[in-house]
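Here the structure is laid out as structure tokens; the discussion comes afterwards.
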Amino acid sequence: MTAEATVLLIVLPLFGAFLLPTIGRINASAAHWSGALLLALLPLLAIELWNLHSAGALPPLALGGYLAPLGIVLYPDRLSLTLVLALTLGSLLLWPRLHQNDATGRQATLMLLLVAGGNGLALAGDLFNAFVFYELVAVTSYALAAKLGSGDGYAAALRFLILSALGSALGLLGIALIYTLTGTLNFAHLAQHAAAFNSPLGITAFVLMVLGFGVKAELFPVNSWVPEVYGATSHRIAGLLAGIVSKLALLLLLRLITLLYSDVEVAGWLLFTLGLLGLISGELAAWRATDLRHTLAYSSIGQLGVMVMALSLPGESGMVALLALALHHLVVKPGLFLFSDGWHGTSLAGAARRGPWGGVLFLLFALSLIGVPPLPGFWAKLLFIREALAAGGPWLLAIAIILTATVLETAYLFRFLRRAYSRHGSAGYGAIGPDAALRASAFGATLVVGLLLLNPLTELLQQTAAEIIDTPSYIARVLDVPVEVTP
Amino acid sequence: MNSLDLLLLLTTLTTLLALLMGRWRPVGWLLTLLYALQLALLADLGLTLQGGGQVVSQLQLTLLGYPIGLVLDGFGWLFAAITLLIALFSSWFGSGAWSAERSDRRAQHLTLSLNVTAMLLLLASGDLLTLFITWELVSWSGFALMAYAGGRAADAALRYLIYAIAGAMALLAALLLVEQQGGSFQFAAVATAVTTLDSAGLWLLLLLFFTGFGVKMALLPFHLWQAEAYALTPGPGAAFLGAISSRMGLFALMLVVVKLIGLEHLAALAIPYTFLDAQSLLAWIAAFTIIIPTFIALTQSDARRLLAWHGIGQTGYMVLGIVIGTELGVAGGLLHVFNYATYQAALFLSVSAVIYRTGTADLDRLGGLITRMPLAYVTMLMGIIGLAGLPPMNGFVSKWMVYKALLDNGQPLLFVAAIIGTLGTILSVYKLIHNTFLGQLRAEHQAVREVPWSMSVPMLALAAIGFITGWMPGLALSAIDVAQQALGIATLPHHLGGFSLSNGNLDMLWVVGALLASIGIGALIFFAGNRRHLTHQLDNYAGGHFLSSSHRYHYSHNFYAGLMHLIGPWYRGTFRWLEQALINSVEVGGNAALGLFRNSAMLLYMVAALTLALWLLL
């Protein structure tokens, strides 16, 4: 296993995606499961690369032998590999079912393309490739969001496409502005020219990119697509989008703010303000929403608002808080979304009595989301509030609002639990299907494992955070000693 | 493994047993035995905790770099003893005939044991972070106990949950403030934080702690959730909740305010432009907590709600005594916690017995049950004498101590407030017993029998404990000594019958002796006098007509009509209005947020950003 294997994280799923329709013509089931098998290889590869990185033997990869800052560089560090792991494992747990409308294996192909794009986005060492992979993720998410055989789904996906495409255009404009400012798009090279971004043009570029890429990160005010799309798509895809794809967009914003805009105060305050407004609007709307799917959609807007605020927290501990919040949300939200089909409308009443295991899982996820100790959600919130308290000033207002938001979260989540445990439900079939129950159990098991391994996990997060804010080290690694890959 | 670890292991085993085998009928008895065992263990622990000692658990964790440790001192020990005592009798009550026909037996046993485990962990917390974690465990187990019955109980429990989470968030903020100022989550950091915080910061800290713990205690203005939630919990659960559950808030508040911060700091915090300071503010909040809920109890027509509202009111006495800070006051307040637990549990259990036999606790639909359920009557009689604070029951002793402490400390107005509360209590408990047991027996209750022994023995035992500790308060005061020493306050010199101070004394041995003697003399005269001829209640006539059971001659509805005519206009429902106003503002905010998402102006923002960018470029 050498450092060159990094590129396999992108190439393997791409290759699989192109191969799958061909296999699918012969045997649809074989295509479906070989896709899953391929996907299952990726986390193992990511863990191997992580071990290499810990040993110090994983330098940035320059593709085709063209060195930075002109060539394409892949930068596998702890953050990228964490997100690669999260994306591949999450996609595996949310792998589509073999559906009679989907004889060509379209869903499986799209998932592999999404994974390829997401891995590329996480590993990208320059802004343009980040954008390319971001677009790949975006296009596949439009297609996945169009729920098979549902008119609502197609309409919602179309609106999603238009709005997100406009956002991508804004993002591209921002990238173009950055190029005019500095003449380069390589992250390390841009970090060297970071002083240029403390100007009106630089800040405009930031605003454009934040609004543009913030569409996927459910940023206020460009998140009005969220309730509609999450409401119309399948529960797996809603979980995938809310839990995992949003973190990819956050990663891009994170790279921008730590490498390029770390000295620009306005950037931090912009993220703080947008995050705060997102938190307030998301949680209040969630309290008012009537069905589980929309409640969870608004709730994820609120939670992502907290994470966007955490982006602007100064220091290493702030980064740890952001990573803890992001990883926790990544596990809990898809788990909750898996209930949104079964616990719906008239079948909500008594659902937890018909399916007791489902009730326990939902309770577990709800308690962790609210932040009840000793579950991981509590520790993530504790870290965030502690750092906010240390930062002082307007952050104190943010703390008061987060604490109030927690009360609202309890109210809206336990409303559903109350009805699910009511004794006046209709007798008969179980609430959520065995498929959704299995997936939710997997997410629940991940949460419990996270709880049991809390201390080692925190150490890992601290190491990751230290790497993230260490910009000089990033520059040194990329521009000084890249690895050549012969074509 | 020391005694504390053994105790915690036992209580965890109890919970596991309830979880795994709770459906099996005999498990209830097994659990009751386990509670008794834990109580015995705790009594043994009490000997080592005298003189301000503490027991450190060997279970030490470090999470995220924060140490989590369990330490039991005398103060926690007292509350633990009361918890296990009430759990023992509640479990006993609920193990026999009560749960024989019920389908939610496992939920009943599991929620009770979960609560006991969580409370023991809370009482043994060794630092602020552990306090918070166990506090949340207690809140959530309390929610489970209130909610498992479903229906309206679950709705009331949900309301409780909102309050509880709001309190927990205030508590979290207070904790993080202490950590920021004091450097860590250890108890000693609170003292450091108090010195480094300015006056405004200290007020904020106090208010946050007060909100956090006051919600659980149902101190004004956080009291609206408790009565409904406790009243609708079935049977033994309600007894347990009413007796000891909200005392956890008292434990935590007193731990922080008296032991960690210190009452002298509270007295030094003055409210500008008034003569009040933080200590007297707390005392006055306690005083209003005595008066307002007690008079709300007066108007209740459901027996359980009446008792639950009294529960809120009696907390005021405990807080009042402890906040005064003198040996007598603190002893009175702590003794009131124990006394209240015994008679409130007895009262709730006797009301549960009435519900078990008649199916209702509505005071307008009962009456005359003394002839059918004499044991329940005796329990309720002793309970209400205790609740009203009259001899020979233990409630009298603790209330006497609180009154005396108030007067000794030069607080006549607070004393008057406490007396007004007692007046309201006496009035409403008489209504309780009159409407339930006295008066005319209804036709539909003619066939009612006494409850089985499995239910009447525990409630009589609790009443008996109340009587014995009322006759010989020295027994209970020895236990209070352990707690007072742990708080760092000098103990009250006492003897078996009470105490004697330089400016007054109380000797219950003489008081109860005189009372029993006079009852004896009265009985002698009664029974040795003229022959008695027993007749049926309805073998009588009034207004020229013979009585018949189809008519109601029993005055019970709108019992205090005359009094209500006078003080009715004073019931304004201000707190309910405030609560509803808060909910309405959140609704408005929610509607605004939802409207924000409906009116999708996303494109507009993007176009605006685009225009701005182009303008800057060109």
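The values are calculated or read from the model by the stated rules, or taken from the named source; none is laboratory data. Being a predicted model, the structure only gives us computed values, none of them experimental. Neighbour counts are summed over all protein chains in view; Cβ atoms, including those assigned to glycine, are modelled from backbone coordinates with ideal geometry. These accessible areas exclude ligands, DNA and RNA; they are computed on the full protein's heavy atoms, side chains included. Shrake-Rupley method; radii C 1.70, N 1.55, O 1.52, S 1.80 Å.
One table, with the values for the structure above:
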{"item": "Complete set of residues in segment B:47-57 that are buried (at least 16 other Cβ atoms within 10 Å of the Cβ) and touching a helix residue (DSSP H, G or I) at 6+ places or on another chain (Cβ under 6 Å)", "result": "B:L49, B:V55, B:S57"}
{"item": "Selection count, segment B:146-197, where residues are under 30 Å from A:R415 (Cα atoms), modelled with pLDDT of 90 or more and either open to solvent by less than 20 Å² (accessible area, probe 1.4 Å) or aliphatic (A, V, I, L, M) (or both)", "result": "23"}
{"item": "B:L534 vs. criteria part of a loop (DSSP other than H, G, I, E, B), out of contact with any strand residue (DSSP E or B) (no Cβ under 9 Å at 6 or more places or on another chain) and open to solvent by 100 Å² or more (accessible area, probe 1.4 Å)", "result": "yes"}
{"item": "Any hit, segment B:333-341, residues being more than 14 Å from B:L78 (Cα to Cα) and part of a helix (DSSP H, G or I)", "result": "no"}
{"item": "The listed residue being of a type in the set (A, V, I, L, M, F, W, C) and under 27 Å from the mean Cα position of the chain (by Cα), out of B:L516, B:L582, B:L547", "result": "B:L582"}
{"item": "Any hit, segment B:370-387, residues being more than 24 Å from B:T294 (Cα to Cα), open to solvent by less than 10 Å² (accessible area, probe 1.4 Å) and touching a residue at least 60 places away in the same chain (Cβ under 8 Å)", "result": "yes"}
{"item": "Matching helices (runs of 4 or more DSSP H) fully within segment A:56-174 where at least 3 residues are more than 14 Å from chain B (Cβ to nearest Cβ) and open to solvent by 30 Å² or more (accessible area, probe 1.4 Å)", "result": "A:78-93, A:127-145"}
{"item": "Entirely in segment A:205-255, the helices (runs of 4 or more DSSP H) that have 3 or more residues that are assigned by TED's automatic domain parsing to the domain that holds A:T88", "result": "none"}
{"item": "Residue in segment A:341-354 that is away from chain B (no Cβ under 12 Å) and closer than 22 Å to B:L129 by Cβ present", "result": "no"}
{"item": "Failed criterion for A:L369 (all others in (1) without any contact (Cβ under 8 Å) to a residue 60 or more places away in the chain; (2) farther than 23 Å from B:L121 by Cα; (3) of a type outside the set (S, T, N, Q); (4) open to solvent by less than 10 Å² (accessible area, probe 1.4 Å) hold)", "result": "(1)"}
{"item": "Filter result for the condition that a residue is assigned to a helix (DSSP H, G or I) and in contact with a Phe, Trp or Tyr (Cβ under 9 Å, 6 or more places away or on another chain), over B:G589, B:G595, B:G568, B:G562", "result": "B:G589"}
{"item": "Residue among B:M564, B:M606, B:M602 that is assigned by TED's automatic domain parsing to the domain that holds B:K431 and either surrounded by 11 or more Cβ atoms within 10 Å (Cβ to Cβ) or modelled with pLDDT under 85 (or both)", "result": "B:M564"}
{"item": "Qualifying helices (runs of 4 or more DSSP H) (wholly inside segment B:198-292; at least 2 residues being in contact (Cβ under 8 Å) with a residue 24 or more places away in the chain, surrounded by fewer than 22 Cβ atoms within 10 Å (Cβ to Cβ) and not hydroxyl-bearing (S, T, Y))", "result": "B:199-217, B:263-268"}
{"item": "In segment B:418-452, the residues that are touching a helix residue (DSSP H, G or I) at 6+ places or on another chain (Cβ under 9 Å), in a helix (DSSP H, G or I) and more than 24 Å from B:Y340 (Cβ to Cβ)", "result": "B:E444, B:H445"}
{"item": "Lone qualifier among A:L9, A:L14, A:L20, A:L39 - being open to solvent by less than 70 Å² (accessible area, probe 1.4 Å), closer than 23 Å to A:A55 by Cβ and assigned to a helix (DSSP H, G or I)", "result": "A:L9"}
{"item": "Complete set of residues in segment A:175-224 that are free of Cβ contacts under 8 Å to residues at least 24 places away in the same chain and more than 14 Å from chain B (Cβ to nearest Cβ)", "result": "A:T182, A:G183, A:H193, A:A196"}
{"item": "Answer from B:A124, B:A107 - the residue that is open to solvent by 10 Å² or more (accessible area, probe 1.4 Å) and either among the small types (G, A, S) or within 13 Å of chain A (Cβ to nearest Cβ) (or both)", "result": "B:A107"}
{"item": "Pairs, first more than 10 Å from chain B (Cβ to nearest Cβ) and in contact (Cβ under 8 Å) with a residue 60 or more places away in the chain in segment A:266-288, second assigned to a helix (DSSP H, G or I) and open to solvent by 30 Å² or more (accessible area, probe 1.4 Å), C-beta under 8 Å, six or more apart", "result": "A:V266/A:I203; A:A267/A:I203; A:L270/A:V207; A:L276/A:L397; A:L276/A:I401; A:L279/A:I401"}
{"item": "Tabulated pairs, segment A:320-345, first under 13 Å from A:V306 (Cβ atoms), second of a type in the set (K, R), C-beta under 8 angstrom, 6+ apart or interchain", "result": "A:A321/A:R386; A:L325/A:K381; A:A326/A:K247; A:H329/A:K247"}
{"item": "Matching option when the condition is under 30 Å from B:L45 (Cα atoms), in contact (Cβ under 8 Å) with a residue 40 or more places away in the chain and more than 9 Å from chain A (Cβ to nearest Cβ), among B:L114, B:L129", "result": "B:L114"}
{"item": "Close pairs (7 angstrom Cβ cut-off, 6 or more residues apart or separate chains): over 14 Å from B:M393 (Cβ atoms) in segment B:471-482, open to solvent by 30 Å² or more (accessible area, probe 1.4 Å) and not in a helix (DSSP H, G or I) anywhere", "result": "B:G474/B:H494; B:G474/B:H495; B:G474/B:L496; B:L477/B:H494; B:D481/B:T491; B:V482/B:Q50"}
{"item": "Wholly within segment A:318-400, helices (runs of 4 or more DSSP H) carrying at least 3 residues that are aliphatic (A, V, I, L, M)", "result": "A:356-370, A:376-391"}
{"item": "When residues of segment B:58-70 are limited to those that are at pLDDT below 90 and in a loop (DSSP other than H, G, I, E, B), the one least open to solvent (accessible area, probe 1.4 Å)", "result": "B:L64"}
{"item": "In segment B:71-95, the residues that are open to solvent by less than 10 Å² (accessible area, probe 1.4 Å) and over 21 Å from B:A243 (Cα atoms)", "result": "B:L72"}
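Conditions tested, residue by residue: (1) within 14 Å of another protein chain (Cβ to nearest Cβ); (2) under 23 Å from B:I433 (Cβ atoms); (3) of a type outside the set (G, A, S).
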| site | (1), (2), (3) |
| --- | --- |
| B:A523 | no, yes, no |
| B:N530 | no, no, yes |
| B:D539 | no, no, yes |
| B:F546 | no, no, yes |
| B:F575 | no, no, yes |
| B:A581 | no, no, no |
| B:M606 | yes, no, yes |
